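Working notes, beginning with the structure itself.
Where a number appears in this text, it was derived from the coordinates with a stated rule and is not lab data. It should be emphasised that the depicted structure is a prediction, and the values quoted were computed from it without experimental measurement. Note that we place each Cβ from the backbone using ideal geometry, even for glycine, and neighbour counts take in every protein chain shown.
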Amino acid sequence: MSTPSSTLDQSLGSLARSIPGATALFNHHDLDFCCAGNLSLRKAAAERGLDAAALAERLDAMRGAQPVGRDWRAAAPAELIEHIVSRYHARHRDQLPELVRLARRVEQVHGGRPDCPLGLAEHLEAMRQELESHMMKEEQILFPMLARGMREQAGGPISVMRFEHEQHGDALEGLDALTGGMVPPSGACNTWRALYLGLSALRDDLVAHIHLENNILFDESAAAEASHA
């Protein structure tokens, strides 16, 4: 079966927003479609030693599937912004203080174990502060501009937010390194298990959050797709 070059040369972000199920495939192969969503499938697969043609064939087979849930490409910017703030910004503000508390408890009680994630609470607190600053800038500056249709004037703030998204991606990699992939060790107590379960939810939410912003709200080609839908 021949693979259309268009699929191989499309960006991960474009594929993630246009093919139902693509995000699950990318997650399975550890392909970053949010912070590194501008990379083509061909280049991203090569960097990870994956078979790009095989991935493209799977994506082509998935193109006919129906979207799961809301197709946010067709939403007005103001509606998508409201969803991002209520679903993700509010969620992160709830998640991180409790995760910091749990991490401090685990480090306090189990700090003598070699598999204890020492430094995790400090890392999470830094993430909390950085995310809060980031979300406030979006809510107070960038989002109002986009909601009013000021896309051209928003180019500078968008570039800053994309850069900060890359930093959030680095922070998630730090979480993985500190926690061994967020897999609780043998004999972990309930608090430790609850902590890692919450970290996994934070990771999934933050990836979905950045995807909606980078690949749909901020992306001019996505806006063009929506206008012609």
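A compact table of results
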read-out: Residue order, fewest to most beta carbons within 10 Å, for TYR196, TYR88; value: TYR88, TYR196
read-out: Assigned charges on the beta-carbon of Lys, Arg, Asp, Glu; the stretch 128-185 dipole about Cα centre (debye); value: 280
read-out: Among MET136, GLY149, ASN190 the positive-end extreme of the charge dipole of the stretch 72-227 (Cβ point charges); value: ASN190
read-out: 18 Å cut-off, amide nitrogen to a point 7 angstrom out along PHE163 Cα→Cβ, residues in the stretch 122-138; value: 130-138
read-out: Label-point separation, GLU98 to GLN129 (7 Å along Cα→Cβ), nm; value: 2.4
read-out: Measure of compaction for the chain (Cα Rg per 2.2 N^0.38 Å); value: 1.09
read-out: The chain - percent relative contact order, Cα under 8 Å, separation 6 or more; value: 27
read-out: C-alpha long axis of helix 190-212 to longest principal axis of the chain, angle in °; value: 20
read-out: Cα-projected label distance for LEU118 with ASP205, points at 7 Å along beta-carbon direction, nm; value: 3.0
read-out: Ranked SER159, SER186, criterion: other C-beta atoms within 10 Å, fewest first; value: SER186, SER159
read-out: Neighbour-count order for HIS29, HIS211, fewest beta carbons within 10 angstrom listed first; value: HIS29, HIS211
